[in-house]
Amino acid sequence: MSPTVTTSSEANGNVSAATARAAASAAATAEATGPQSITMAKALNTAMADAMHADASVLVFGEDVGLLGGVFRITDGLTKTFGEQRCFDTPLAESGIVGMAVGMAMNGMRPVVEMQFDAFAYPAFQQIVSHVAKMHNRTRGAVTLPMVIRVPYGGGIGGVEHHCDSSESYYAHTAGLKVFTPATVADAYRMLREAIDSDDPVMFMEPKKLYWSKDLVDLDELRAQHSANGEAGTSSEGRAAVARPGTDATLIAYGPSVPTALAAAAAAAEEGRSLEVIDVRTLVPFDDETVAASVNKTGRAVVIAEAHGFASVSSEIVARVQERCFHYLAAPIRRVTGFDVPYPAPKLEHYYLPGVDRILDAVDDLQWED
């Protein structure tokens, strides 16, 4: 039986009994104060729960996201807490999932939908490109689509065909979409909350190999920051982060490649080189200012990404840096990316994915005078 969907007026004015129970449950099970070691999966789960608690118009749905909690358990417990009207399973029909989300968003809801795996999202591509991305422009701003499409992407889990892919370039190339991709546990919470709050559609690309990465995070502090940013009208959208300061060269990475870039920078430090690491964070909008400032300072740059190099986000980053930093560059910009071949079988993916050795080889090739 299909779930009953509450209308926007009902969602905003008449909070259901399930939502009231959810509020009581959230208060009763609130995390202990202070920093805790949590996974990215837990941060994403908490972000959705907090958003659903704060706004009754937020819905979560997709394949197996209900009682199972999703293939990666990112939505674990949401159906139990908020009820089947707020978090529910759908048929295996990605185009239908996104199409239904478009209709809900047009009528005042804030749907958060999950594409089970990156390559599973392709049947919904027509909906995303022709309707999700264009509705605001098509209606001259009269209709907004406050919706989030969560996409587990990238490699590193030994997934077979259709279960590992780097599809971010398709979405970044499509005008009308925002594209977020967190690389840290704190950013996973922070950026998903901001994506759900956005009145524009967001492709939220989640590095699946980082789901079980852990970090010390103060959830109460993140909640307070989110509340303060909301009141001030500020956010981390379009703002890259300096993940590691350095002086000799800049490593530019995003999503699943950021930990690899940091590992390469640590290895380079043992050899006497100081590499700055920039975490791009949001592919669209892109933070030219932070990236260019770093490259202007160091004079050398390597862009790192798991996706194919040809016609990719990495090639766009190189073009943007070249345009803004040409007179500061001491060497051509290098890239370390996935190879221009279909994603390989699980036993071969370690040859395909960028690694520390390939990054250090690229750094060595930056025309050092010594």
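The values are calculated or read from the model by the stated rules, or taken from the named source; none is laboratory data. Keep in mind that what you see is a predicted model, and the values were worked out from it rather than measured. Cβ coordinates were reconstructed from backbone atoms using ideal geometry, including for glycine residues, and neighbour counts include every protein chain displayed. Areas reflect the complete protein model, heavy atoms only, side chains present, ligands, DNA and RNA absent. Shrake-Rupley method; radii C 1.70, N 1.55, O 1.52, S 1.80 Å.
Structure above, values below:
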read-out: Selected residue [open to solvent by 20 Å² or more (accessible area, probe 1.4 Å), at negative phi, in contact (Cβ under 8 Å) with a residue 24 or more places away in the chain and of a type in the set (A, V, I, L, M, F, W, C)] from Ala241, Ala232; value: Ala241
read-out: Search result, residues across the stretch 340-370 that are over 16 Å from Glu161 (Cα atoms), in contact with a helix residue (DSSP H, G or I) (Cβ under 7 Å, 6 or more places away or on another chain) and not aliphatic (A, V, I, L, M); value: Pro354, Gly355
read-out: Residue match in the stretch 96-112 (condition: within 29 Å of Thr184 (Cβ to Cβ), at pLDDT 95 or above and part of a loop (DSSP other than H, G, I, E, B)); value: no
read-out: Given (1) surrounded by fewer than 17 Cβ atoms within 10 Å (Cβ to Cβ); (2) in a strand (DSSP E or B); (3) in contact (Cβ under 8 Å) with a residue 60 or more places away in the chain, index of the condition Ile252 fails; value: (1)
read-out: Yes/no for Asp55 being open to solvent by 20 Å² or more (accessible area, probe 1.4 Å), modelled with pLDDT of 95 or more and more than 25 Å from Trp212 (Cα to Cα); value: yes
read-out: Residues (within 19 Å of the chain's Cα centre (by Cα) and either acidic (Asp, Glu) or at positive phi (or both)) located in the stretch 211-229; value: Asp215
read-out: Entirely in the stretch 266-318, the strands (runs of 3 or more DSSP E) that have 3 or more residues that are touching a residue at least 60 places away in the same chain (Cβ under 8 Å); value: 282-284, 301-308
read-out: Counted residues, the stretch 266-291 - those being hydrophobic (A, V, I, L, M, F, W, C) and touching a Phe, Trp or Tyr at 6+ places or on another chain (Cβ under 7 Å); value: 2
read-out: Members of the stretch 82-108 found to be crowded, with 21+ Cβ neighbours inside 10 Å, within 12 Å of Met52 (Cβ to Cβ) and not charged (D, E, K, R), listed by number; value: Phe82, Cys87
read-out: Residue count for the stretch 344-370, restricted to those that are open to solvent by 50 Å² or more (accessible area, probe 1.4 Å), more than 26 Å from Asn296 (Cβ to Cβ) and either of a type in the set (S, T, N, Q) or not in a helix (DSSP H, G or I) (or both); value: 1
read-out: Check on Thr75, over 20 Å from Gly176 (Cβ atoms) and either among the charged types (D, E, K, R) or assigned to a helix (DSSP H, G or I) (or both); value: no
read-out: Unmet requirement for Thr19, which otherwise passes all of (1) assigned to a helix (DSSP H, G or I); (2) at pLDDT 95 or above; (3) not acidic (Asp, Glu); value: (2)
